[in-house]
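Here the structure is laid out as structure tokens; the discussion comes afterwards.
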């Protein structure tokens, strides 16, 4: 749309001292004649855009003209600064805090003295996570391979990957990239990584879409589970799945029905409720829980 292109051209002129019409035409994928008409429209709107002819010439905003060099609102700035603070809470450096101060200095009129949004992404493992995040971020920027020892439910393995994204999802940090061992895209949890090393070797960037991190794609439902929960754990069900995830029964208990991805995750989740949950279906999960209970009983009887 033309209005979007005009705003884009204005943003470029606010950030650059001078730019040529061919550069703008290439950037916005239009003809040079269209750029010339856009510049005329900006002038008619009261923005003093001038054109300098000859070598070293170009299009610029008139020298001495003062204008707020941002098209953001106060609310926009508050959200941006909150996001920068959240990144600094897990970063091994103070880069985001320093960047935040630069933005504040240039946008003092848009930043109030009181912060209304506070986000802290750090965890109990901040001391071990921050160095990993910094190393992986550097590797992504420089397109370098990383290697590490990985601890998974199915066992331990040594991996070498081409890192593409650092991801914060499901309250944990992950790295997403091309695993050379599996010859496929994989996501690895940072807390399960050990002996992380950034190689001097670089990799050629592969072309593929941005990862689909929707729950439906990462955790496809495979197991239909039916559980009766005691009312004392209602708060957990509401916290994890929302207030409509269960049906109140006549005796006050809660009937929960949902699909789960794998048996191991389901069993581990049920066990966190101790004696406040009774699985009705599937029968296989009931039997495995019974076997676990008998094994635990045997351990403590001994």
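Among 214, 147, rank each residue by its count of other Cβ atoms within 10 Å, from fewest to most, as a rough exposure measure. Write out the running numbers ahead of the final one.
Values: 214 8, 147 17.
Placing the least packed residue first, the sequence is 214, 147.
Please order 41, 4 by the number of other Cβ within 10 Å, starting at the fewest.
Details: 41 16, 4 9.
Ordered from fewest to most neighbouring Cβ atoms within 10 Å, 41, 4 come out as 4, 41.
Can you give the translational diffusion coefficient of segment 221-302 in µm²/s, computed by Stokes-Einstein from the Kirkwood radius over Cα pairs at 10 °C and 1.306 mPa s? Spell out each step's value before the answer.
On the way: Rh = 13.4 Å.
Rounded to a whole number, D works out at 118 µm²/s.
Please give the Cα centre distance for segment 4-67 versus segment 184-249, rounded to the nearest Å.
47 Å
Summarise the long-distance tail of P(r) for segment 118-249 by giving the % of C-alpha pairs beyond 27 Å.
35 percent
Would you list 219, 188 from fewest to most Cβ contacts within 10 Å? It would help to have the intermediate numbers written out before the result.
Values: 219 14, 188 22.
By the 10 Å Cβ count, ascending: 219, 188.
Calculate the FRET efficiency for residue 184 and residue 284 from the Cβ-Cβ distance with a Förster distance of 35 Å, rounded to the nearest 0.05.
Working: r = 29 Å, r/R0 = 0.84.
My answer for the efficiency is 0.75.
Would you kindly state how much longer the chain becomes between residue 224 and residue 238 on full extension, computed as 0.36 nm times their sequence separation minus their alpha carbon distance, in nm to one decimal?
Numbers: separation 14, 0.36 × 14 = 5.04 nm, distance 1.92 nm.
Stretched fully, the residue 224-residue 238 segment lengthens by 3.1 nm.
The numbers here are math on the coordinates, done by the rules we state, and not lab data. Because the structure is a prediction, the values reported are computed rather than measured. All Cβ positions, even for glycine, are placed from backbone atoms using ideal geometry, and neighbour counts span all protein chains on display.
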